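The values are calculated or read from the model by the stated rules, or taken from the named source; none is laboratory data. On a predicted model such as this, the values are computed, not experimentally measured, just so you know. Don't worry about glycine lacking a Cβ; one is built from the backbone with ideal geometry, like all the others, and counts go over all protein chains shown. To get the accessible areas, we keep the full protein, side chains included, count just its heavy atoms, and leave off ligands, DNA and RNA. Shrake-Rupley method; radii C 1.70, N 1.55, O 1.52, S 1.80 Å.
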Amino acid sequence: QVQLVESGGGLVQAGGSLRLSCAASGRTFSSYSMGWFRQAPGKEREFVGVISWSGAVTRYAESAKGRFTISRDNDKNTVYLQMNSLKPEDTAVYYCAANRGVVLSTHSYDYDYWGQGTQVTVSS
């Protein structure tokens, strides 16, 4: 069992930056790929990026490439999403999720555990 708690969301102007954190409970955190997803009002949840259990490999949605960076600290049981050059279309609730089965999956249905989400609002 893994419990995930996101933090770091808020209101930021376009062009600004935010760093989201996702703190995990449990001693098996380092065995999970960790993904970030987001959901805007009226839209389906979409993949943002994922990091392998070791942190050595990452994968991003096209919308995130070059602007977002995922990292993790397995000693602190925490994964991060650094978001730069934010745009109004990045406004959404951001979720972290843990996946032990499918490495670097971009599909939400492959993820076993989810956080409650943190709101990110980017003003124009």
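Ignoring ligands, DNA and RNA, please state the percent of accessible area on the chain from carbon and sulfur, probe 1.4 Å. Let's see the in-between values first.
Working: 2940 of 6330 Å².
Carbon with sulfur: 46 percent of the solvent-accessible area.
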Normalised Cα Rg of the range 21-75, dividing by 2.2 N^0.38 Å with N its residue count, works out at 1.22
Against the globular-protein guess of 2.2 N^0.38 Å, express the Cα radius of gyration of the chain as a ratio, rounded to two decimals. 0.97
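For the range 1-57, which GluC sites (Glu not before Pro) are in a loop by DSSP, counting at most 15 other Cβ atoms within 10 Å?
Values: sites: 6, 44, 46; in loops: 44.
Answer by residue number: 44.
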Could you report the range 1-80's accessible area per residue, 1.4 Å probe, as an integer in Å²? 53 Å²
Residue by residue, what Karplus-based ³J(HN,Hα) values in Hz, rounded to whole numbers, does the range 67-77 have, using 6.51, -1.76 and 1.60 with θ = phi - 60° and x for Gly and Pro? 10, 10, 9, 9, 9, 8, 10, 5, 5, 9, 6
Rg over Rh, two decimals, the range 60-124 (C-alpha only, Kirkwood Rh): 0.97
Relative contact order (percent) for the range 44-124, with alpha-carbon contacts under 8 angstrom and 6 or more residues of separation? 28 percent
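Find me the longest stretch of the chain that has none of the exposed trypsin sites (Lys or Arg not before Pro), where exposed means in a DSSP loop (not H, G, I, E or B) with at most 16 other Cβ atoms within 10 Å. Could you put the intermediate results ahead of the total?
Numbers: sites that count: 27, 43, 45, 65, 67, 76, 100.
Here the longest run is 1-26.
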